[in-house]
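What follows is a short report on a single structure.
The numbers here are math on the coordinates, done by the rules we state, and not lab data. Not measured: the values here are computed from a predicted model. Here Cβ is always computed from backbone atoms with ideal geometry, including for glycine, and neighbour counts include all displayed protein chains.
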Amino acid sequence: MERALDGVEIVELEPIEGEGLIFIEGFPDVGLVGAIATSFLVDRLGMKEVGYIDVEALPPIISIRDGSVKELIRIYRKDRLIAIVSDLPLPAAMVKSFSQRLMDWIQSKRPELFISLTGIPEPNRLNIDKPKVFILGSSKEVVERALEHEGAEPFKDGFIAGVKGMLLRESVRRGVNMLVILAQAHFNYPDPGSAAEVVKFLSRILDIDLDVKPLLESAEELKLRLRDLMRRTSHVMQGIQKSKELELPPVYL
Amino acid sequence: MERALDGVEIVELEPIEGEGLIFIEGFPDVGLVGAIATSFLVDRLGMKEVGYIDVEALPPIISIRDGSVKELIRIYRKDRLIAIVSDLPLPAAMVKSFSQRLMDWIQSKRPELFISLTGIPEPNRLNIDKPKVFILGSSKEVVERALEHEGAEPFKDGFIAGVKGMLLRESVRRGVNMLVILAQAHFNYPDPGSAAEVVKFLSRILDIDLDVKPLLESAEELKLRLRDLMRRTSHVMQGIQKSKELELPPVYL
Amino acid sequence: MERALDGVEIVELEPIEGEGLIFIEGFPDVGLVGAIATSFLVDRLGMKEVGYIDVEALPPIISIRDGSVKELIRIYRKDRLIAIVSDLPLPAAMVKSFSQRLMDWIQSKRPELFISLTGIPEPNRLNIDKPKVFILGSSKEVVERALEHEGAEPFKDGFIAGVKGMLLRESVRRGVNMLVILAQAHFNYPDPGSAAEVVKFLSRILDIDLDVKPLLESAEELKLRLRDLMRRTSHVMQGIQKSKELELPPVYL
Amino acid sequence: MERALDGVEIVELEPIEGEGLIFIEGFPDVGLVGAIATSFLVDRLGMKEVGYIDVEALPPIISIRDGSVKELIRIYRKDRLIAIVSDLPLPAAMVKSFSQRLMDWIQSKRPELFISLTGIPEPNRLNIDKPKVFILGSSKEVVERALEHEGAEPFKDGFIAGVKGMLLRESVRRGVNMLVILAQAHFNYPDPGSAAEVVKFLSRILDIDLDVKPLLESAEELKLRLRDLMRRTSHVMQGIQKSKELELPPVYL
Amino acid sequence: MERALDGVEIVELEPIEGEGLIFIEGFPDVGLVGAIATSFLVDRLGMKEVGYIDVEALPPIISIRDGSVKELIRIYRKDRLIAIVSDLPLPAAMVKSFSQRLMDWIQSKRPELFISLTGIPEPNRLNIDKPKVFILGSSKEVVERALEHEGAEPFKDGFIAGVKGMLLRESVRRGVNMLVILAQAHFNYPDPGSAAEVVKFLSRILDIDLDVKPLLESAEELKLRLRDLMRRTSHVMQGIQKSKELELPPVYL
């Protein structure tokens, strides 16, 4: 239980091993799309808590659920599926080192695929009934294989800021198969409708049966409960924006 | 007398050893409930000063009592009971490393139980005659055993911020038996009435006879004398709140 | 893939080797002259991406172009020509250590020449049709050889702040042949017209045929697309000015 | 002449050795009482400069007296008496580490006694003709022995902040005999009258003959000359107060 | 070309060796007196550039003179005379470590004398035709020998802040012969008239013939050219004043 210099410790409560593992992460960012989708997945599939990630830079808070102490970033497993769920957004200053650390761990598991779930800000979201789903991959093969399933189109030009961008960059550099699933979402409000689209496409990729109805039915209640996480997450996203600015600057002609 | 890298040094003026030790801590936080209760315990039981904790990050102040120099964080003992009393709240930035350090030390003593006394903020406290007492434990067994005594109910859902939360998290991780006793309390005012309820329940747990009348009788004087500590403690608690925000964000559906 | 202490990592995707290499850098500064000129060069010559520079201090952003993940600072090659293109300006605090690091790498390649492209602020730029081009070198020989080509005059007295200044200083100290090509430019607006003059002189130096017409034709569109990079770059340049002041103080009589 | 990591270097220009040494320090704080009293002592007894303390964190200033360069913190000696005089208050952030360092050195000399001279703020000072003198010791024996001399009473309850508090704490921990002599004083004005009372009691302790008349006669001139040191010292004392708050918080019932 | 931990590197382009070397420094401070006088000396004597000092903490600027890249702090030599000229004032935070570093180097050369040229602020400077010259030395012998030449009087009581003060302190500690020549000067304006008096006295010390007429004739032009360096220097001097306060606090009676 040595703590690494960067204050990130990944603890496996039971050994996370096996062939062809598929990792899914849903750290909270745009519209909390990834967080909502991953939590829904964990809940619906009845995944089992098998580890946690302790990040020194997170606030000194623990959550109590049903009388039990919970870690802030938890790792769940069911069969080949490993899901990482976080109750808090990562501090902006940690995004780079955390991403490297997480990729070290994931790479060491020789996964079949690493899937990141997230939203892309869509100013016109209010007028969109069914948010579009985009995909981005660490290689052309990953994208092509994903596109064999209907319901998504490739993400062409733009930028990815924050932890998802850094994870993708590391995947490219390391040759880890990574797929990012992005849905149009509110930038600053929890967006269960967007998460539902992500879950639908994900279920095709994973070839599992997942009914998103409960997610949509509890949307209002969910938005209320996620108000605080959204506020926190907005702070972090603004932090990245402010000190670093979000728009992509293409120098190309 | 080597000083550790984190600036925390735990000094035993006489060896703190023995079977079945029970540790109690009352670092000042909500309503100063833990601080008042632990000090009362030390005073009433006539516990003996057997050590101190030196925290580099605390201000350069010493207290003089009855002509003698006192350490700011003192360790007292009577028989199997070890109490830790602090004249100052811990700086927010130290909460995590201090908790690890204290748990290292407590764990090395193979204690029977580690008890943390504290308050939970109750906005309606003014209209409550007899504050409720809640308990939280590092395991189901600890909670169940505590519930055999009347006067408390389990803490179900919510969050624990600050040093008590971090100590509890460490206890869970390390398998140390820890019990947190929480009473409804004023957030920002010293609350001897709340501390009295904690002491009553604690006396049942410890199977000792402790009359809380003197605590209640001196309540007004106590509030006056603790005004400064409360102000200091509020600063620290606001620091945790501000930079880290206090509400729990449940991502679960 | 060890990361250096200063957080700068230069990665060669294929070995960058050979006799008589010529390096060109165009980090964004005054008028984005160097950035525009270098990108134009890469595009027109169809140079191939052969490496990248990872700077820890850059924001956690990746750019996606045509569905592929791109590094922020890329190294391109065609024959003996190596071009370094950056999508973001370097943080002011990194200028010194980055320059040392980059020179270590360039020096290790025993280049024939290292060319830096940049602008010099010209308040009267609006009234100037054809910006003047100046040159500056790490030695008299470099300057004299460059002056054999028409279209530039030597830069006599003044100062060079930022990454270009530091690279030139290192070149002098290390005895690396370095040529700085500077064109009169807007300080705070993207200046494709100035970049065109730099490209024209550069093409003579390199003895290659480069038509700058496309650069001038797309000037308006380019200015629009580069608005964000210019804003970012201005911040950095102001940072250097503010904390360090830009004017040269000649103590000489 | 190795410089320690904390930037404090104690230099003995001639070896400070001997049996039964008595150390006296008068770092400037409340009313500059200790600084005035110690300087008066050095001057009257014609003590000889035998060393100095170099504190990296002090400002880059030297003082010139009678054409000679002087260190800011000087060590003087006459027979068994060693006096430490400082032209500047210690930066608040250094108080803890400096106190440890000074005690290491003093302890290594196996002194008979370490005497600290200081003031305690007395809001009503203007109406007090003859300030009271209090004493505080590292042990009951030290206090009792000092009380055999008339003119002082024991300091009972309160707090000691700053370098004097930290030195006393260290003395208790290390078992060094330390006596603190405190006189009622203005908090924010140089108080030669208070210093005179300290000197009078000190002369009894040391069994030496010291006429305080010159001190009182030059009081007005002294106040003027010490205006700057007082302002500097006030800043430091406020710094300790502000960031750390000065009042003692007794948790005891 | 190893860089020291404090970011100061002294580079000798040709070995600076010999018996009886005399070093002169003129880092810019009060009235730029030292900077003007040293530059004048270098220019008039036709001294040769033989080295430079690289200070990491200086801004990322290089100066170009007559088409050549110049270091910011240059070392010149003619016969036994070594002059150090700086285009920029040293950052206040570096004054202490830089002084130590420079003295290490100078001491290693076993110089006959180290001369520092500077101004002392004289509020009434406008009404003074011929500024007085004062001297201060690392020992009585240095002062006495200097006073054998007419035109200066000893500096008796006061303070010396900044790099000159720190260099003098180090000289005393190390037993290096150092002479400080100070002339009454404007605090905040370049003062060539004051520099001329310094040069006149210096020429007697060095027994060389130096006509200060050119210095006085170009005074107006010089003031204009030095406006920027003065502004920069004022910032640094205010920084020392602000964070550290400039007045000397004599505790002595």
Could you rank the peptides C:141-154, B:51-64 by their average count of other C-beta atoms within 10 Å per residue, with the highest value first? B:51-64, C:141-154
Once phi for every residue in the range B:13-18 is put through the Karplus expression 6.51 cos²θ - 1.76 cosθ + 1.60 (θ = phi - 60°), the whole-Hz ³J(HN,Hα) values, with Gly and Pro written as x, are 5, 9, x, 9, 9, x
Net charge over other residues, Cβ less than 12 angstrom from the Cβ of B:PRO28 (K, R count +1; D, E count -1): -2
Shielding of A:92-98 by other chains, given as the mean Cβ count within 10 Å, works out to 2
Give a residue-ordered list of calculated ³J(HN,Hα) values for the range B:73-83 (Karplus: 6.51 cos²θ - 1.76 cosθ + 1.60, θ = phi - 60°; whole Hz; x for Gly, Pro). 10, 10, 10, 10, 9, 9, 6, 7, 8, 10, 10
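Could you size up the charge dipole of chain B around its Cα centre, putting +1 on the beta carbon of Lys and Arg and -1 on that of Asp and Glu, and report it in debye to the nearest 20? Let's see the in-between values first.
On the way: 33 positive and 39 negative charges, 95 e Å.
Dipole about the Cα centre, nearest 20: 460 debye.
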Shortest first and in nm with one decimal, please list how far the A:PRO214 label point sits from its counterparts in the other copies (point 7 Å along Cα→Cβ). 5.6, 5.7, 9.1, 9.1
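Share of antiparallel DSSP beta bridges in the protein assembly as shown, in percent to the nearest 5?
Values: 140 of 230 bridges.
Looking only at bridges with both residues in the protein assembly as shown, the antiparallel portion is about 60 percent.
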Gyration tensor (alpha-carbon) shape descriptor, the range E:1-100, a/c threshold 1.5: rounded
Calculate the dipole size of the protein assembly as shown relative to its Cα centre from +1 charges on Lys and Arg beta carbons and -1 charges on Asp and Glu beta carbons; express the result in debye to the nearest 20. 1260 debye
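Can you give the % of DSSP beta bridges in the range C:106-234 that are antiparallel, to the nearest 5?
On the way: 5 of 15 bridges.
Among the beta bridges of the range C:106-234, antiparallel pairing accounts for roughly 35 percent.
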Alpha-carbon Rg with Dmax, taken over the range D:116-232, Å: 14.6, 41
Please compute the contact order of the range E:101-232 in relative form: average sequence separation of alpha-carbon pairs under 8 Å and at least six residues apart, divided by the residue count, as a percent. 32 percent
In terms of the alpha carbon gyration tensor, root eigenvalues a ≥ b ≥ c, rounded if a/c is under 1.5 and otherwise prolate when a/b exceeds b/c or oblate, the protein assembly as shown is oblate
Rounded to the nearest 0.05, FRET efficiency between C:ARG110 and E:GLU49 (Cβ-Cβ, R0 35 Å) equals 0.80
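So for E:LEU167, C:LEU113, fewest C-beta neighbours within 10 Å to most, what's the order? Before the final figure, lay out each step's value.
Working: E:LEU167 26, C:LEU113 21.
Ranked by crowding around the Cβ, least crowded first: C:LEU113, E:LEU167.
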Give the nm distances, rounded to one decimal, from E:GLU148 to the matching residue in every other copy, measuring between label points 7 Å along Cα toward the beta carbon; shortest first. 6.1, 6.1, 9.8, 9.9
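At a 10 Å Cβ-Cβ cut-off, how would you order E:ILE128, E:ILE73, fewest neighbours first? Please report the intermediate quantities before stating the final value.
Numbers: E:ILE128 13, E:ILE73 22.
Neighbour counts put them in this order, fewest first: E:ILE128, E:ILE73.
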So what is the calculated 222 nm ellipticity per residue for the protein assembly as shown, using -39500 (n - 2.57) for each DSSP H run with n of 4 or more, over all residues, to the nearest 500 deg cm²/dmol? -11000 deg cm²/dmol
Round to a whole angstrom and tell me the spacing of the C-alpha centers of the range B:86-100 and the range D:34-94. 37 Å
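Using the number of other C-beta atoms within 10 angstrom as an exposure proxy, rank A:ASP104, E:ASP191 with the fewest first. It would help to have the intermediate numbers written out before the result.
Details: A:ASP104 14, E:ASP191 29.
Ascending number of Cβ neighbours within 10 Å: A:ASP104, E:ASP191.
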√(5λ) per eigenvalue of the Cα gyration tensor, the range B:1-50, largest first, Å: 23, 18, 10
So who's got an amide H within less than 5 Å of the one on D:ALA183, skipping anything under 5 residues away but keeping other chains? H placed 1.01 Å off N, in plane. D:THR118, D:GLY119, D:ILE120, D:PHE134
Amide H proximity to E:VAL50 below 5 Å, modelled H, separation 5+ or other chain, gives E:ILE75, E:TYR76, E:ARG77
If each label sits 7 angstrom from Cα along the C-beta direction, how far apart, in nm, is B:PRO91 from its counterparts in the other copies? 1.4, 1.5, 2.3, 2.4
Partner chain Cβ atoms within 10 Å, averaged over the residues of A:213-226 - can you pull that number for me? 1
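With charges only on Cβ, +1 for K and R and -1 for D and E, what is the dipole size of the range E:122-205 about its Cα centre, in debye, rounded to 20? Before the final figure, lay out each step's value.
Values: 12 positive and 11 negative charges, 52 e Å.
Rounded to the nearest 20 debye, it is 260 debye.
Between A:ARG80 and A:GLU221, what FRET efficiency follows from the Cβ-Cβ distance if R0 is 22 Å, with the result rounded to 0.05?
Numbers: r = 32 Å, r/R0 = 1.43.
Result of the calculation: an efficiency of 0.10.
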Table column - 3J(HN,Hα) (Hz), the range E:34-44, Karplus curve with 6.51, -1.76, 1.60, x for Gly and Pro: x, 5, 5, 5, 5, 4, 4, 4, 4, 5, 5
Between E:ARG145 and B:ASP228, how high is the FRET efficiency from 1/(1 + (r/R0)^6) when r is the Cβ-Cβ distance and R₀ = 51 Å? Nearest 0.05. 0.25
Looking only at lysines whose Cα falls under 16 Å of C:LYS213's and that sit 8 or more positions away or on another chain, we get C:LYS130, C:LYS200, C:LYS223
From the mean inverse distance of alpha carbon pairs (Kirkwood) and the Cα radius of gyration, derive Rg over Rh for chain D. 0.93
Toward the positive end of the charge dipole of chain E, about the Cα centre and with charges on Cβ (Lys, Arg +1; Asp, Glu -1), which of E:GLN107, E:VAL33, E:ALA83 goes farthest? E:VAL33
